[in-house]
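Beneath this line is the structure, given in structure tokens, with notes to follow.
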Amino acid sequence: MILYLVIPCYNEEEVLPETSERLAEKFAALTNEGKIGRESRIVFVDDGSKDRTWELIEGLHAQNECFRGIKLSRNKGHQNALLAGLMTVKDECDAAISLDADLQDDINAIDAMVDKYNEGCDVVYGVRSSRKKDSVFKRTTARAFYRLMTRMGVECVYDHADYRLLSRRALEALSEFKEVNLFLRGLVPLIGFKSDTVTYERGERFAGKSKYPLKKMLSFAFEGITSMSIKPIRLITALGLIIFFVSIAFLIYSLIRHFTGNTELGWTSLMISIWAIGGLQLLAIGVIGEYVGKIYLETKERPRFIIEKYLK
Ligand code: UDP
Ligand code: MG
């Protein structure tokens, strides 16, 4: 079985040397056990890093043939980098596993994933059994994230990030999803096929900083739900909401004025309708606009990633 690991990297110069060493070791062990074939590869996708990440990948490639590199033309974000990697390797491997460059996801779970693949699974999700090593903040925000997703009707596997095995067949199916608004976590369950989960303990990032600060996390969550972010339209929606709440305050205020008897006749109902209906209209336009915006971006069919170099 030919296994490819796909690892998106954005400004990961601090972790790459250690990551590559650990992965090479793991790969050697897997090959010796006969679990994976000698043609298996580790593919780093440089997502337009501004540091020495690409130079490091080139170095690794020159050193050891099991390392490959894909350089994107610019920073496209984690999801797109991941897709770029998967789509590039899909015709060369039997299965691909995606994981993060910081190895927070235990690489010893690869064995179990490969076993599941051999049992006939096309999709194997890596699921975190505990988040003890994450900060309290990360833990609670992540929890809230999965809860929100489920509540919004997005089908996703709880506590599963982007650590998963996809068979060639599943990759082929994934390539049929043409959407520009990428949210792989929500897409993969839609592929179907036989799937299973493998649990592991999530570790700490051993070097470097998280590339997902709160701001990015929030926007990632929002995109997962609407699969896009149309900020101005969203601001209109928010404005609509605010105005609507103001109208409620006005309603109470006007009623009080009415019953204390010092108002012109008709003033109360006028005030309420102007504010309440105006606010609701803005809110509704905003929500519709959100979806129009999504259609707008999808119809453009812009490339989801552009590959500058592929070191084979
Ligand atoms: N990443 C990427 N492009 C980006 C941001 C992040 O390719 O624009 C990669 C990053 O290099 C890492 C993975 O996505 O391999 C996950 O990022 P990180 O570990 O910082 O996220 P966290 O574990 O904190 O959620
Ligand atoms: Mg991480």
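Among residues of segment 177-203 that are at positive phi, those with a beta-carbon under 6 Å from a residue that is in a loop (DSSP other than H, G, I, E, B) and at pLDDT 90 or above at least six positions away or on a different chain give the pairs Phe193/Asp122.
Which of the strands (runs of 3 or more DSSP E) contained wholly in segment 59-146 include at least 1 residues that are within 18 Å of Arg22 (Cα to Cα)?
Numbers: elements: 67-72, 95-98, 123-130.
Passing ranges, in order: 67-72, 95-98.
Comparison of Ser98, Ser40, Ser73 shows that the only residue that is of a type in the set (Gly, Ala, Ser) and within 11 Å of ligand 1 (Cβ to nearest atom) is Ser98. The number of residues in segment 289-312 that are more than 30 Å from Thr237 (Cβ to Cβ) and of a type in the set (Ser, Thr, Tyr) comes to 1.
Being part of a loop (DSSP other than H, G, I, E, B), farther than 21 Å from Glu92 by Cα and out of contact with any Cys (no Cβ under 9 Å at 6 or more places or on another chain) is the filter here, so list the residues in segment 9-46 that pass it. Quick ask: steps written out before the conclusion?
The initial filter retains those residues of segment 9-46 that are part of a loop (DSSP other than H, G, I, E, B), namely 10-15, 33-40.
The next check asks that each one be farther than 21 Å from Glu92 by Cα; those that pass are 10-15, 33.
Within segment 9-46, Tyr10, Asn11, Glu12, Glu13, Glu14, Glu33 meet the criteria.
Beta carbons closer than 6 Å, at least 6 apart along the sequence or on distinct chains, pair a first residue in segment 151-171 that is surrounded by fewer than 18 Cβ atoms within 10 Å (Cβ to Cβ) with a second that is among the aromatic types (Phe, Trp, Tyr) and at pLDDT below 80 for Tyr158/Tyr146.
The values are calculated or read from the model by the stated rules, or taken from the named source; none is laboratory data. All figures in this text were calculated on a predicted structure; none of them were measured in a lab. As a convention, Cβ positions derive from the backbone with ideal geometry for all residues, glycine included, and neighbour counts pool all protein chains shown.
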